[in-house]
1. Can you name the helices (runs of 4 or more DSSP H) wholly within the range B:19-81 that have at least 1 residues being within 10 Å of chain A (Cβ to nearest Cβ) and of a type in the set (Gly, Ala, Ser)?
2. So which residues in the range A:152-173 are free of Cβ contacts under 8 Å to residues at least 12 places away in the same chain and over 16 Å from A:Trp207 (Cβ atoms), if there are any at all?
3. More than 14 Å from every other protein chain (Cβ to nearest Cβ), part of a helix (DSSP H, G or I) and at pLDDT below 80, is that true of B:Gln90?
4. Please go through the range A:179-208 and give me each residue that is more than 30 Å from A:Gly69 (Cα to Cα) and surrounded by 12 or more Cβ atoms within 10 Å (Cβ to Cβ), ordered by number.
5. Among the residues that make up the range A:54-62, is at least one of them of a type outside the set (Phe, Trp, Tyr), assigned to a loop (DSSP other than H, G, I, E, B), at pLDDT 70 or above and under 25 Å from A:Trp10 (Cα atoms)?
6. Given the conditions (1) hydrophobic (A, V, I, L, M, F, W, C); (2) over 27 Å from the mean Cα position of the chain (by Cα); (3) in a loop (DSSP other than H, G, I, E, B), which single one is not true for A:Met167?
7. Identify the single condition in (1) under 17 Å from A:Leu33 (Cα atoms); (2) touching a Phe, Trp or Tyr at 6+ places or on another chain (Cβ under 8 Å) that A:Ala165 does not satisfy, given that it satisfies every other one.
8. Does any residue in the range B:81-93 that is surrounded by fewer than 12 Cβ atoms within 10 Å (Cβ to Cβ) come within less than 8 Å, Cβ to Cβ, of a residue that is of a type outside the set (Ser, Thr, Tyr) and modelled with pLDDT of 75 or more six or more places away or on a different chain, and which pairs are these?
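The values are calculated or read from the model by the stated rules, or taken from the named source; none is laboratory data. What you are looking at is a predicted structure, and each value in this text was computed from that prediction instead of being measured. Every residue, glycine among them, receives a Cβ derived from its backbone with ideal geometry; neighbour counts consider all protein chains shown.
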Amino acid sequence: MIAESPKYFWFSTVRRRTRRLVVVVYWTFVLGLFGVYQWALVYRAGHFGSNDLLLPLYVVIFLPAYLGGVRAGGIVKPFNGVHWVPLPDRHQTQTLFGSSRPLLGKQYEQPPSLLALKLRVYQPVPAGDDSVWRSDERELHQRDHAHYLAFQAVGVVICVPMLIASMRLIRPSLMSWIPMPPDAMYYGLTLVTIILFLTLPQAILLWTEPDMEDVQP
Amino acid sequence: MLTQHINVTDNGIQPPGESGLYNRIAVLRAERGISRQSLADAVGVNYQTIGFLERGDYGPSLKLAFQIGEYFGLPVEAIFSTKPFVPLSQQVYGASTGATR
């Protein structure tokens, strides 16, 4: 399930110790980012501005790409086992702009944008025999197990804001010690849930997968 | 499930790992000079999976077990077993050599 040559990292991911270090650094970065974000919300007494959408967008679009899984190019192979190639003959492809000249190279490690998909510049292709992208049955089993563990954790995280919300409704005086406004707190917890949903399965895989072995022992 | 510990018991037989299956993949591969990558390519899995299979940390699907059997030209029960395999030396020369199970 671990890609041997991830795009976003320049070091080898063969050793588990290295991968665990990546997970620690990654989560430290995410927690730091999230802490600053929450502090900014509290500092401004929960008043949201248009810039406050930047972090959620960054979290959803870019953060998962580094670990992989949901997108190709990270340390973990894409979970759906699909990589993206352009349509074989663009001359026969009807696009919005009608261009017959290929705009990009012949193969892509990154999934295309939604616009490119809508314009039928790309098509998803099952990974076939390419072991860089394709997961075999053991790796699929690992993927499913990691998701099972991750969703249990996500379920617990979701329960926390629900309990707090219930307490605030029933006994508002008990929850007056929380220094941040309710909307900021709920928004932050929702963001944590999304982050966990998108990155925890990959983190579990990176943490548990043993060292890669040599090809020719 | 994901740890790799190879221990040998008092009778010299390697425990089957977490899958509970004994196998002869490593022996057959060494006997025929086949690399993990070659075997993995032939049966359509990652070469890491071959290592997991050899250590008994992963139990293959029926399809993969048959593919491995076809690759080696042997029945599945000759490669995988729920009980420890009898050492080849004992099979060939019998118990008179003093080989222990």
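1. It comes to B:25-32, B:36-43, B:47-55.
2. Step one: of the range A:152-173, the residues free of Cβ contacts under 8 Å to residues at least 12 places away in the same chain are A:152, A:155-156, A:159, A:162-163, A:166-167, A:169-173.
If the condition is that a residue be free of Cβ contacts under 8 Å to residues at least 12 places away in the same chain and over 16 Å from A:Trp207 (Cβ atoms), then A:Gly155, A:Val156, A:Cys159, A:Met162, A:Leu163, A:Ser166, A:Met167, A:Leu169, A:Ile170, A:Arg171, A:Pro172, A:Ser173 are the ones that fit.
3. In short, yes.
4. Listed by number, the residues that qualify are A:Met180, A:Pro181, A:Pro182, A:Asp183.
5. Checked the range A:54-62: no residue is of a type outside the set (Phe, Trp, Tyr), assigned to a loop (DSSP other than H, G, I, E, B), at pLDDT 70 or above and under 25 Å from A:Trp10 (Cα atoms).
6. All conditions pass for A:Met167, except number (3).
7. Of everything listed in (1) under 17 Å from A:Leu33 (Cα atoms); (2) touching a Phe, Trp or Tyr at 6+ places or on another chain (Cβ under 8 Å), A:Ala165 misses just condition (1).
8. Qualifying pairs under 8 Å: B:Thr82/B:Gly20; B:Thr82/B:Leu21.
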